[in-house]
Amino acid sequence: MKPVEVFQGDSPIVLGLPHTGTYVPDAIMANLNPRGRRLDDTDWHIHKLYNGVLAGASTVRATFHRYVIDANRDPVGVSLYPGQNTTGLVPLTDFDGTDIWIDPPDEAAVKARQDAFHTPYHAALQAELERVRDLHGIAILYDCHSIRSGIPFLFDGTLPDFNIGTNMGDTCAPEIEAATQEVCAKAEGYTSIANGRFKGGWTTRHYGHPKKGMHAIQMELAQSTYLTTEASPWTYDKDKAARLRPYLTEILKKLAALAPTLKGTS
């Protein structure tokens, strides 16, 4: 299986999908313990949720699971959130802090996974962002994520429904963050926050360089917004999704409309 799937659109928007993949090579799956084989920390059905929400949007999707290697982590292993619980380039635990390996991969195994999965994903994402920027003079990476709304190991309390991350405004023009916040704030029945527990992962921080015409924003959705329950079998709830998708469309349409006004700005 190819490590990455790319759809090239004609919009200034590129949807990044680093955590929806469930492919685990047999040899790696055999070394996951029963807890790890559940693949609980998948961004379940996010590619389905976003499918068709914006005509012309490009998509770059990792097909491999984050337990193989996490496409949204620094390849040299620097923590996204120093001093807070998180998972690394190859997670040793799940989001609940429970071990997932029979024998954790050694340094050589991690390097092999990086070469086979992490590097190709980011090469494809970089190429697509550059193609889109060449077309429009600007590219906006919208990194699509989801997570359970209650995970005590990672955060206290209940996560808001929409979690916007721009690394405190560093990764995109302020108009992009403001437009996203505006839609989320008025979304009836939903809660939202910008740069709360999730401030944008490595992907957002790595590609978000507004002065170079590259803008990046992360959206971490609470899985309660579109799953029947936040537990196995992780069922996609068509009614919840139908209610949520118009807001995602509105966000992306606003960002696409903003793109021409941001060319040449920093």
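Points to keep in mind about this one:
- Taken over segment 136-157, residues that are under 16 Å from residue 192 (Cα atoms) and in contact (Cβ under 8 Å) with a residue 40 or more places away in the chain amount to 8.
- Subset of segment 174-198 (residues that are in a loop (DSSP other than H, G, I, E, B) and crowded, with 22+ Cβ neighbours inside 10 Å): 198
- Selection from segment 3-57 of residues that are among the charged types (D, E, K, R) and closer than 20 Å to residue 73 by Cα: 5, 40, 41, 43
- Within segment 40-54, one or more residues are of a type in the set (Ser, Thr, Tyr), buried (at least 22 other Cβ atoms within 10 Å of the Cβ) and more than 23 Å from residue 111 (Cα to Cα).
- Members of segment 123-144 that are surrounded by fewer than 22 Cβ atoms within 10 Å (Cβ to Cβ) and assigned to a helix (DSSP H, G or I): 123, 124, 126, 127, 130, 131, 133, 134, 135, 136
- Some residue of segment 182-203 being touching a residue at least 40 places away in the same chain (Cβ under 8 Å) and of a type in the set (A, V, I, L, M): yes
- Residue 49 meets the stated requirement of being closer than 23 Å to residue 225 by Cα, outside any loop (DSSP other than H, G, I, E, B) and out of contact with any Leu (no Cβ under 6 Å at 6 or more places or on another chain).
- Of all residues in segment 108-135, those that are among the acidic types (Asp, Glu) have Cβ atoms under 7 Å from Cβ atoms of residues that are at pLDDT 95 or above, 6 or more apart or on another chain, in 128/6; 128/8; 128/14; 128/58; 128/60.
- Exactly one residue out of 16, 21 is in a loop (DSSP other than H, G, I, E, B), touching a residue at least 12 places away in the same chain (Cβ under 8 Å) and not charged (D, E, K, R), and it is 21.
- The residues of segment 202-253 that are under 16 Å from residue 144 (Cβ atoms) and in a strand (DSSP E or B), listed by number, are 215, 216, 217, 218, 219, 220, 221, 222, 227, 236.
- Checking each residue in segment 12-34 for being of a type outside the set (Ser, Thr, Tyr), surrounded by 15 or more Cβ atoms within 10 Å (Cβ to Cβ) and within 19 Å of residue 87 (Cα to Cα) picks out 17, 18, 19, 21, 24, 28, 29, 31, 32.
- Per-region count, segment 145-161, residues of a type in the set (Ser, Thr, Tyr) and part of a loop (DSSP other than H, G, I, E, B): 2
- Selection count, segment 77-93, where residues are out of contact with any His (no Cβ under 9 Å at 6 or more places or on another chain) and either at pLDDT 85 or above or of a type in the set (Ser, Thr, Tyr) (or both): 8
The values are calculated or read from the model by the stated rules, or taken from the named source; none is laboratory data. All values derive from a computational prediction rather than experimental measurement. Don't worry about glycine lacking a Cβ; one is built from the backbone with ideal geometry, like all the others, and counts go over all protein chains shown.
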